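Student: Can you keep this structure in mind? I'll have questions shortly.
Please treat every number below as a calculation from the coordinates, not as lab data. What you see is a predicted model, and the numbers here were worked out from it, not measured in a lab. Every residue, glycine as well, gets a Cβ built from its backbone with ideal geometry; the counts of neighbours run over all protein chains shown.
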């Protein structure tokens, strides 16, 4: 079994070879972008699912899933816009102040 130090060297060697990036913490922006991407995929899947269901009970479920996915995706987009606006306000204040 590899020691933690050996694992770090292997990760570094892989990074040098372009195989993977070095592990690091994601920024809040990167986390939000990943959530938005996942929510968009959920939304697309829910839209496609509606096209293939025929049972009335499953149609209700598909509609509920689509509405939930749309709301989640919309919420995350609004959060991203809000954070972007806040970031711009801070940058503007730095240049003015």
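Student: Relative to the longest principal axis of the chain, what angle (0 to 90°, nearest 10) does the C-alpha long axis of helix 28-52 take?
Tutor: 30 degrees
Student: Roughly how tilted is helix 56-96, in degrees to the nearest 10 and between 0 and 90, from the longest Cα axis of the chain?
Tutor: Approximately 40 degrees, to the nearest ten.
Student: Could you sort the peptides 3-12, 68-77 by per-residue average Cβ neighbour count (10 Å cutoff), highest mean leading?
Tutor: Result, highest mean Cβ count within 10 Å first: 68-77, 3-12.
Student: Pull out a ≥ b ≥ c, the square roots of the eigenvalues of the alpha-carbon gyration tensor of the chain, then state rounded if a/c is under 1.5, prolate if not and a/b is larger than b/c, and oblate in the remaining case.
Tutor: It is oblate, given that a/c is not under 1.5 and a/b is not larger than b/c.
Student: While we're on this one: Please compute the modelled spin-label separation between residue 45 and residue 33, points set 7 Å along Cα→Cβ, answer in nm with one decimal.
Tutor: 2.2 nm
Student: Calculate how steeply helix 4-16 sits against the longest principal axis of the alpha-carbon atoms of the chain, using the helix alpha-carbon long axis, and give the answer as 0 to 90 degrees to the nearest 10.
Tutor: Tilt of helix 4-16: around 80 degrees.
Student: Below 8 Å between Cα atoms, with a sequence gap of 6+, how large is the relative contact order for the chain in percent?
Tutor: Reported as a whole number, the value is 23 percent.
Student: Ranked highest first by the average count of other Cβ atoms within 10 Å around their residues, in what order do 55-67, 83-95, 31-43 fall?
Tutor: With the highest mean Cβ count within 10 Å placed first, the list reads 31-43, 55-67, 83-95.
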